[in-house]
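Peer 1: Please read through the structure below; I'll follow up with questions.
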Amino acid sequence: MTAVSTLAAAVAALALAQAPAPATAPTVFSVDAAGSTLSYGVVHKFHKVGAESREVEGRAALLPDGKVQVQVRAPVRSFKSGDSNRDAHMEEVLETSKYSYVTFKGLGQLTPPASFPAVTELALQGQLELHGRKRAENVPIKVEWTSPTQLRVKAAFNVSLDAYEIERPSLLFIKIEDACAIGVDVALKGEAAK
C-alpha cells in the first residue's frame with residue numbers, strides 16, 4: 001500500500017467515524033378503537049349531562065428528537081348520552097350535517113421511559129376543531145406505558161362553548177354553563193415505521 005492510499009484510507013475512516021449516525025425511524029402509534037373513548041360533560045343548574053364516543057380514530061408519531069405529533073378525531077354523531085332525544089338535539093346544536101367530526105391535532109415533547117410499566121406526563125399544544133371552528137388549546141396528557149409500543153393516554157380539560165360559537169341549550173329558560181369538560185381515554189398500539 002502506498003503512502004497516498006494509506007492516507008486516503010485513514011481520511012475515509014476518520015470521515016466515517018465522525019459522520020452522524022443515521023436517524024432512527026419514528027415510532028408510529030395507532031388508536032385501538034376497541035379500548036378508547038372520548039367524552040364530554042356539560043352542567044346545567046339542575047343536572048349534569050355527559051356523553052361518550054367509542055368511535056375514536058387517530059395516530060401519534062414519536063420522532064427521534066423526542067417530539068410527538070398527534071391527531072385524534074371522532075364523528076360528532078357517535079357521542080351517546082343514553083337519551084336519544086338529547087343526542088338528536090346535540091346534533092342539531094352542533095350542526096353535524098355541516099361539521100361531522102371533532103378533531104384535535106397537537107405537538108409536544110415526550111421522552112419514553114427506560115423501564116416499563118411507567119407513567120409520563122406532557123402538555124400538547126395544538127388545535128381543536130369543533131363546530132367548524134378551530135382554536136388553540138393546551139392539553140395536559142398522562143401517558144401510561146405498558147411497553148415501548150403499548151400505552152394509554154388520558155386527559156381532562158375544559159373548553160368554552162361560546163368560544164366555538166355553540167349555542168348553549170336551555171332548560172326552564174336557564175342555559176347550560178359555558179364550560180364543557182372533555183375527557184380522553186385512548187389506547188395506542190405502535191411499531192417502528194419502516
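The values are calculated or read from the model by the stated rules, or taken from the named source; none is laboratory data. Bear in mind that the values here come from a model prediction, so they are computed numbers and not experimental data. Cβ sites come from the backbone with ideal geometry, for glycine too, and all protein chains shown count toward neighbours. To get the accessible areas, we keep the full protein, side chains included, count just its heavy atoms, and leave off ligands, DNA and RNA. Shrake-Rupley method; radii C 1.70, N 1.55, O 1.52, S 1.80 Å.
Peer 1: Working only within region 155-181, note down all residues that are under 28 Å from Arg59 (Cβ atoms), open to solvent by less than 50 Å² (accessible area, probe 1.4 Å), part of a strand (DSSP E or B) and of a type in the set (A, V, I, L, M).
Peer 2: Result: Ala155, Val159, Ala181.
Peer 1: What pairs come up if the first residue lies in region 175-194 and is on the phi < 0 side of the Ramachandran plot and modelled with pLDDT under 90, the second is in a loop (DSSP other than H, G, I, E, B) and crowded, with 19+ Cβ neighbours inside 10 Å, and their beta carbons are under 8 Å apart, counting only those six or more places apart or on different chains?
Peer 2: Every condition considered, no pair remains.
Peer 1: Another question, if that's okay. Could you say whether any residue in region 116-136 is outside any loop (DSSP other than H, G, I, E, B), open to solvent by 30 Å² or more (accessible area, probe 1.4 Å), of a type in the set (A, V, I, L, M, F, W, C) and in contact (Cβ under 8 Å) with a residue 40 or more places away in the chain?
Peer 2: Taking region 116-136 first, the residues outside any loop (DSSP other than H, G, I, E, B) are 118-130, 133-136.
Filter once more, so that each one left must be open to solvent by 30 Å² or more (accessible area, probe 1.4 Å): 119, 121, 123, 125, 127, 129, 133-136.
Subsequent filtering for residues that are of a type in the set (A, V, I, L, M, F, W, C) retains 119, 123, 136.
Those left that are additionally in contact (Cβ under 8 Å) with a residue 40 or more places away in the chain: none.
No, region 116-136 contains no residue that is outside any loop (DSSP other than H, G, I, E, B), open to solvent by 30 Å² or more (accessible area, probe 1.4 Å), of a type in the set (A, V, I, L, M, F, W, C) and in contact (Cβ under 8 Å) with a residue 40 or more places away in the chain.
Peer 1: In addition: When Lys45 is evaluated against the numbered criteria (1) part of a loop (DSSP other than H, G, I, E, B); (2) surrounded by 15 or more Cβ atoms within 10 Å (Cβ to Cβ), which criterion, by number, is the only one it fails?
Peer 2: (2)
Peer 1: Based on this model, can you work out whether Arg152 counts as in contact with a Gly (Cβ under 7 Å, 6 or more places away or on another chain), within 20 Å of Gly190 (Cβ to Cβ) and either in contact (Cβ under 8 Å) with a residue 12 or more places away in the chain or surrounded by 16 or more Cβ atoms within 10 Å (Cβ to Cβ) (or both)?
Peer 2: Values: in contact with a Gly (Cβ under 7 Å, 6 or more places away or on another chain): no; within 20 Å of Gly190 (Cβ to Cβ): yes; either in contact (Cβ under 8 Å) with a residue 12 or more places away in the chain or surrounded by 16 or more Cβ atoms within 10 Å (Cβ to Cβ) (or both): yes.
So Arg152 does not fit the description; no.
Peer 1: Out of all the residues in region 75-83, is one or more surrounded by fewer than 18 Cβ atoms within 10 Å (Cβ to Cβ), touching a helix residue (DSSP H, G or I) at 6+ places or on another chain (Cβ under 7 Å) and in a strand (DSSP E or B)?
Peer 2: Within region 75-83, one or more residues are surrounded by fewer than 18 Cβ atoms within 10 Å (Cβ to Cβ), touching a helix residue (DSSP H, G or I) at 6+ places or on another chain (Cβ under 7 Å) and in a strand (DSSP E or B).
Peer 1: Do we have Val143 as surrounded by 14 or more Cβ atoms within 10 Å (Cβ to Cβ) and over 19 Å from Gly50 (Cβ atoms) here?
Peer 2: On the way: surrounded by 14 or more Cβ atoms within 10 Å (Cβ to Cβ): yes; over 19 Å from Gly50 (Cβ atoms): yes.
For Val143, the condition - surrounded by 14 or more Cβ atoms within 10 Å (Cβ to Cβ) and over 19 Å from Gly50 (Cβ atoms) - is met.
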